[in-house]
1. Please enumerate the residues belonging to the range 51-85 that are under 30 Å from Tyr168 (Cβ atoms) and of a type in the set (S, T, N, Q).
2. Please determine whether any residue of the range 161-183 is open to solvent by 10 Å² or more (accessible area, probe 1.4 Å), assigned to a strand (DSSP E or B), in contact with a Pro (Cβ under 7 Å, 6 or more places away or on another chain) and of a type in the set (Lys, Arg).
3. Working only within the range 106-126, note down all residues that are under 25 Å from His185 (Cα atoms) and touching a Phe, Trp or Tyr at 6+ places or on another chain (Cβ under 7 Å).
4. Given the criterion open to solvent by less than 40 Å² (accessible area, probe 1.4 Å) and in contact with a Lys or Arg (Cβ under 6 Å, 6 or more places away or on another chain), identify the matching residue among Ala273, Ala264.
5. Report, ordered by the first and then the second residue, all pairs with beta carbons closer than 6 Å, sequence separation of six or more or different chains, a first member in the range 32-49 that is over 15 Å from Asp95 (Cα atoms), and a second member that is open to solvent by 10 Å² or more (accessible area, probe 1.4 Å) and of a type in the set (Phe, Trp, Tyr).
6. Tally time: how many residues in the range 144-176 are among the aromatic types (Phe, Trp, Tyr) and closer than 26 Å to Cys286 by Cα?
7. Go through the range 276-302 and count every residue that is open to solvent by less than 80 Å² (accessible area, probe 1.4 Å), polar (S, T, N, Q) and under 20 Å from Glu230 (Cα atoms).
8. Scan the range 28-49 and give yes if some residue there is among the small types (Gly, Ala, Ser) and open to solvent by 40 Å² or more (accessible area, probe 1.4 Å), otherwise no.
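The values are calculated or read from the model by the stated rules, or taken from the named source; none is laboratory data. Predicted model only: the values in this text are computed from it and were never measured. Please note: Cβ atoms are built from the backbone with ideal geometry, for glycine as well, and neighbour counts cover all protein chains shown. Areas reflect the complete protein model, heavy atoms only, side chains present, ligands, DNA and RNA absent. Shrake-Rupley method; radii C 1.70, N 1.55, O 1.52, S 1.80 Å.
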Amino acid sequence: MKNANLPKVSILLPVYNAEKYLSDCLKSLLNQTFHDFEIIAINDASTDSSLSILYKYAEIDSRLKIYSNKSNLKLAATLNRGIQLSSAPLIARMDADDIALPNRLEYQYNFMSNNPKVAICGTNIKVLGTDQIWEMPVSNSSIRATLVFNSPILHPTAIYRKHIICKYNGYNENIVYAQDYELWHRLSKDSKIVFANIDIPLIYYRLTDSDKPSSYKEIQKKTADTIREEQIKMLGILPDTKQLALHSQISLHQDINTLPQLFAVYRWLRLLASSSKSSQAFKKLCWQYWKQVCRSSSCKYISYPLYILLPSSKEKIKLILKKFFNLS
């Protein structure tokens, strides 16, 4: 029997030295158009005034529940503790330096209620201080295809069903960065898991890489490359070291500016797309990555004709002919 007094959504908010942006984050959550939620805020042994800020807002709104780690457990362990403390069947992630649009919870709660088969749902984001909107793949098939290259659901936008995350033992506490990508990868091994993204931005996302340690990007890339390798193996392909390095380069949208590199990218994407385990969504995505490589490469006179050689529709061929030969 369901307890009518339990909230419908638990917001999982890890906090570590977030005094600079925490008030804006909390205000955005407490002013949501959807009201039936709790905030599980876990202070991960902050050394600034974050805890004081949390207590200040908890006095204003009892939906904010504060917990503190005795020592700095890092993100994955803190998230796992928060999942266990959450009392709602749906858990919405939030980072302490981001801002939720007023209708974020209402939109995602209604989506999850109307789509009971969906286990995890993210959204697009607006990047604070810019005009950028990061658009994410929407369907389950396109999200699963994207996993081979990058994380297809932005962590602070995610809402997921608690029982499913608990079934798969939550976040891997041995991973320092890219815990979300690893979790989505692990869940993707179950074909019954359904992913989704809502095709509108519901979070203002703050780029704060400059606040992270110098080792952040290196460790994150290493973790992401390991996940990419496992995803490629799920396609029935055993990549060698050079292929993995090339795949990482493609995934990170690094420029391909020599002919040997260009031909290597072409051969690699052809190999991926030709796998018997490749979905139509994945084949299409390989095409999209090739298009990006062609556009950014300095070898355009070679890359555009090669672009035509990948499987395509007549409409795509017409587009390439128009761009390459200036045909209308």
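1. Answer for the range 51-85, where residues must be under 30 Å from Tyr168 (Cβ atoms) and of a type in the set (S, T, N, Q): Ser68, Asn69, Ser71, Asn72, Thr78, Asn80, Gln84.
2. There is at least one residue in the range 161-183 that is open to solvent by 10 Å² or more (accessible area, probe 1.4 Å), assigned to a strand (DSSP E or B), in contact with a Pro (Cβ under 7 Å, 6 or more places away or on another chain) and of a type in the set (Lys, Arg).
3. Tyr109, Ala119, Ile120, Cys121, Asn124, Ile125, Lys126
4. Matching residue, one of Ala273, Ala264: Ala273.
5. Pairs found: Phe34/Tyr109.
6. So the count comes out to 1.
7. 2
8. Checked against the condition, which is being among the small types (Gly, Ala, Ser) and open to solvent by 40 Å² or more (accessible area, probe 1.4 Å), the range 28-49 yields at least one hit.
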